[in-house]
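Trainee: Please see the structure below; I have some questions.
Derivation of every value follows stated rules applied to the coordinates shown; laboratory data play no part. Treat the numbers as computed from the prediction; the structure is a model and nothing was measured. Positions of Cβ are generated from backbone atoms using ideal geometry, with glycine treated the same way; all protein chains shown enter the neighbour counts.
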Amino acid sequence: MDKIGFNKPYLTGNEISYINEVFISGKLSGNGKFTRMCQDWFCYKYGFKKCLLTTSCTDALEMAAILIDIKPGDEIILPSYTFVSTANPFLLRGAKLVFVDSREDHPGMDESSIESLITSNTKAIVAVHYGGVACDMDLIMDIATRHQLLVIEDAAQAIDGYYIGNDGVMRALGSIGHLAAFSFHETKNIISGEGGMLVINDIRFVNRAEIIWEKGTNRSSFYRGEIDKYGWVDIGSSFLPSEIIASILWAQLEQIHDIQKTRMNIWSNYYKNLSNRLHKIYCRGPIIPHYSTNNAHMFYIVCNNIETRTKIIEKLKMNNINAVFHYLSLHSSPFFLDKHDGRILVNSEFYSNCLLRLPFFYGLKNEDQLLIANIIINEI
Ligand SMILES: *Cc1c(COP(=O)(O)O)cnc(C)c1O
């Protein structure tokens, strides 16, 4: 067993009593009291127009792909340095994936290279807020408006993160694109084991989103008393989580302020321990662009090459500390390589080889963070 693991899911302690409340209520399936409490809370807190809890962020993105009517031949522009779930939902509907490189200063997508990839078949841009750090949304929304494209934010890691616009206004990540998807997987800031949410900001999509969510039926309007019987009206699937999952999420939302404050302290502590020492070993710390807040989703360092990274991982391993690298670029993955258009995405490959994520979880001790930093800098 690792002395310091990479992730340790944090539970507030109230989860179990809310689960018990669900048991006692006798309503275990989805779209009940806790689901609605969570959805309303998100709308109120972050200014989302409409929220639907899902069983994962992957599911939320699958809903998004159905909702925007992806057809074979449609093109989607998305980063290569991301999780497979950013891509699969669109591929499942027959879309052609067009991958964008990462920025040089940050693993997030290079917004400036999006426009040259647009063709008459382009349907949407999937903006992934890597590590909870905002993409330049003014730029992306401007491109989308001029080319009449839809924007889907993959905000899986971005809960409680904000974009600071050119107008100086802070907008919650997930509130800017036409649609957005969040994850509550146990590796994210706010968790329910597995879980996710689709955010619908463009009201044109609200009614159909509910139908797709409820297996292609208009059951949601039936429950609201808007119609007197419900039936099959569109394609759909079972995307909604049970009330047990929603009750876990509710317990987390009640403590989000504390969770975020604690995670921010951990992040700052790493930064303090490492930022002015990393150059000694030819590495650097994370860079957060001026238009983004930091939601303390992760802490990573960027090594000068893969050999340095491997050495650091091994040294930490010898001390029973588990640090991990992140994505292997999707465009050069075994599955996609022969489907890619051949463009070389240097920054994405660079981050695949050189980025290292350090243990990060609520409850990580200061002294362990210092130990990790000293091992990395070679001073132990
Ligand atoms: C975690 C993650 C997902 C998938 O989330 P699930 O809830 O596990 O489906 C998708 N995209 C990104 C960027 C992620 O980090």
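Trainee: Report, for the chain, the % of DSSP beta bridges that are antiparallel, rounded to 5.
Mentor: 55
Trainee: Would you mind calculating the gained length between Ser333 and Phe222 on full extension (0.36 nm times residue separation, minus the Cα-Cα distance), in nm to one decimal?
Mentor: 35.5 nm is the gain from fully extending Ser333 to Phe222.
Trainee: Any idea what % of Cα-Cα pairs in the range 279-380 are farther than 24 Å?
Mentor: It works out to 33 percent of all Cα pairs.
Trainee: To the nearest µm²/s, what D does Stokes-Einstein give for the range 168-298 at 10 °C and 1.306 mPa s, using the Kirkwood radius over alpha carbon pairs as Rh?
Mentor: Rounded to a whole number, D works out at 88 µm²/s.
Trainee: Using only the alpha-carbon atoms, what does the range 227-346 span along each of its principal axes? Please give whole angstrom values in decreasing order.
Mentor: Principal extents (largest minus smallest coordinate, Cα): 70, 46, 35 Å.
Trainee: Neighbour counts of other C-beta atoms within 10 Å: give me Val199, Val302, Val206 arranged from fewest to most.
Mentor: Val206, Val302, Val199
Trainee: Further question on the same structure: Could you give the Stokes-Einstein D for the range 1-78 in µm² per second, using the C-alpha Kirkwood radius, 20 °C, 1.002 mPa s?
Mentor: 132
Trainee: Ignoring everything except DSSP H segments at least 4 long, calculate the 222 nm mean residue ellipticity for the chain; use -39,500 (n - 2.57) per segment, divide by total residues, nearest 500.
Mentor: When only DSSP H runs of four or more count, the value is -10000 deg cm²/dmol.
Trainee: For the cross-link pairs Lys311/Lys365; Lys27/Lys71; Lys188/Lys311; Lys33/Lys96, which exceed 32 Å when the distance is taken from alpha carbon to alpha carbon?
Mentor: Lys27/Lys71; Lys33/Lys96
Trainee: Let me ask something else. Largest first and in whole Å, what are the equivalent-ellipsoid semi-axes of the range 30-125 based on the Cα gyration tensor, each being the root of 5 times an eigenvalue?
Mentor: 28, 17, 12
Trainee: Consider all pairwise Cα distances in the chain and report the whole-number % of them above 41 Å.
Mentor: For the chain, the fraction of Cα-Cα distances above 41 Å is 13 percent.
Trainee: With all distinct Cα pairs included, what does the Kirkwood hydrodynamic radius of the range 92-153 come out to in Å, to one decimal, could you say?
Mentor: 12.1
Trainee: Under unit Cβ charges (Lys, Arg +1; Asp, Glu -1), what dipole magnitude, rounded to 20 debye, does the range 222-380 have relative to its Cα centre?
Mentor: Once rounded to the nearest 20, the dipole reads 700 debye.
Trainee: Based on Cα coordinates alone, diagonalise the gyration tensor for the range 222-292, multiply each eigenvalue by 5, take square roots, and list the semi-axes in whole Å, largest first.
Mentor: Largest first, the range 222-292 gives 47, 18, 11 Å.
Trainee: Another question, if that's okay. Any chance you could run the full-extension gain for Lys280 through Ser29? It's 0.36 nm times the residue separation minus the Cα-Cα distance, nm to one decimal.
Mentor: 84.9 nm is the gain from fully extending Lys280 to Ser29.
Trainee: While we're here: With +1 on the Cβ of every Lys and Arg and -1 on the Cβ of every Asp and Glu, and nothing else charged, how large is the dipole of the range 49-185 about its Cα centre, in debye rounded to the nearest 20?
Mentor: About 520 debye.
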